[in-house]
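These notes concern the structure reproduced below.
The values are calculated or read from the model by the stated rules, or taken from the named source; none is laboratory data. On a predicted model such as this, the values are computed, not experimentally measured, just so you know. Because the Cβ atoms are built from the backbone with ideal geometry, glycine has one as well, and the counts that use them run over all protein chains shown. Side chains are part of the model used for accessible areas, which takes the heavy atoms of the whole protein and leaves out ligands, DNA and RNA. Shrake-Rupley method; radii C 1.70, N 1.55, O 1.52, S 1.80 Å.
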Amino acid sequence: MTTATCSEQSSAVAEPLAGTAPTQSRLLIVEQPGPWGAKALQDSRLLPRVREALLSYDAQSKQKVLLARRDTRPTLADGRNVWSMERVGTRVLSRHAVLPVTADPSLIANAHATAQEQPQSATAFICTNSARDKCCALLGRRTVAALPDAWQISHVGGHRFAPTGLLFPSGVFAGRMSDPDAWSRADGPPLPHMRGRMGRAPWQQAAEIAVAELTGTNLSAFDSAGPATGVEVSGPGGMRWTVSVQETTLPPRSPSCSKSAEAATVWLAGQVHSAS
């Protein structure tokens, strides 16, 4: 599949990005060089005991495990990088540690509990999981090649939005963002490219993005709760809004480059009402 075909695939149906980020409240990213396979944790060259620990962690509710690599780091001779993000209200508690390759698997799987929280400049993790989707390989790798500080990451969902990925430490997921400069912006990706911030239901993500668009405020400043019929969004200075979000079915579209078309459910934000 050519790059042009992948671009056409991404824009064939005007599927909104808002509300498509992972809903797990905790995310673990583990460095693992080499090939990953379609199912990264199962198919990569992780040591068996490490693989089992991460699979057990991934199976827990509200948690997600991804693998990361850089072509400039073909081995783990300098230790294994581990990143952890946990959403607590408006904050995403982000931690980074470099662990010995021989570290106990439980230490790797529970890095969020042992690593110290550190202020970090934004780091882009872009999906290049070619065994899972060719568009992520073609568009993702091209984007990573233009960003020397970016990391390749395994399947984050939303292949059809390639290039897609996330930003550390904010926990914001983005898609259809082929401009390398957009991945390195200090204030995060442009709102039209935001899929949402980890740790909330799809309708809550859509409501947060709607308020961010209305106020021109960084998405990281907001938190949300409540059902789609009346999502309550809180922001800086005690400001509050209520947003109604409607579930809508789009015409069939392919969820990835290699799959047949299927119906898509999206969440569309309605009117935003100030509740302050």
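Through the Karplus equation 6.51 cos²θ - 1.76 cosθ + 1.60, θ set to phi - 60°, convert the phi angles of the stretch 97-105 into ³J(HN,Hα) values in whole Hz; use x for Gly and Pro.
After applying 6.51 cos²θ - 1.76 cosθ + 1.60, I find 9, 10, 10, x, 4, 8, 4, 4, x Hz.
Just for the Cα atoms in the chain, what are the lengths along the principal axes, largest first, rounded to whole Å?
Over the chain, Cα extents along the principal axes are 54, 43, 33 Å.
Where only protein heavy atoms count, and the probe is 1.4 Å, what is the accessible area per residue for the stretch 148-199 in Å²?
29 Å²
Take the chain, connect every pair of alpha-carbon atoms lying under 10 Å apart with a spring to form a Gaussian network, then pick out the residue of T265, T249, T72 with the largest mean-square fluctuation.
Taking springs between Cα atoms under 10 Å, the residue moving most is T72.
Determine the per residue accessible area of the stretch 40-115 with all protein chains present and a 1.4 angstrom probe, expressed in square angstrom.
Solvent-accessible surface per residue comes out at 48 Å².
Could you tally up the Lys pairs in the chain with alpha carbons closer than 17 Å? Skip any pair fewer than 8 positions apart unless they're on separate chains.
4
For T229, T248, what's the largest-to-smallest order of accessible area, 1.4 Å probe?
T229, T248
Using a cut-off of 13 Å between beta-carbons, work out the net charge of the residues near F161 (Lys and Arg +1, Asp and Glu -1, F161 not included).
Local net charge: +2.
Sum -39500 (n - 2.57) across every DSSP H segment of at least 4 residues in the chain, then divide by the residue count to get the 222 nm mean residue ellipticity, nearest 500.
-5000 deg cm²/dmol
Counting residues in the stretch 102-214 as N, plug N into 2.2 N^0.38 Å and put the Cα Rg over that result.
My calculation over the Cα atoms of the stretch 102-214 gives 1.13.
Report L268's accessible area, 1.4 Å probe, all protein chains in place, as a number in Å² to the nearest 10.
Answer for L268: close to 70 Å² accessible.
Determine the share of the chain's accessible area contributed by carbon and sulfur atoms, expressed in whole percent, with a 1.4 angstrom probe.
Accessible surface attributable to carbon and sulfur in the chain totals 52 percent.
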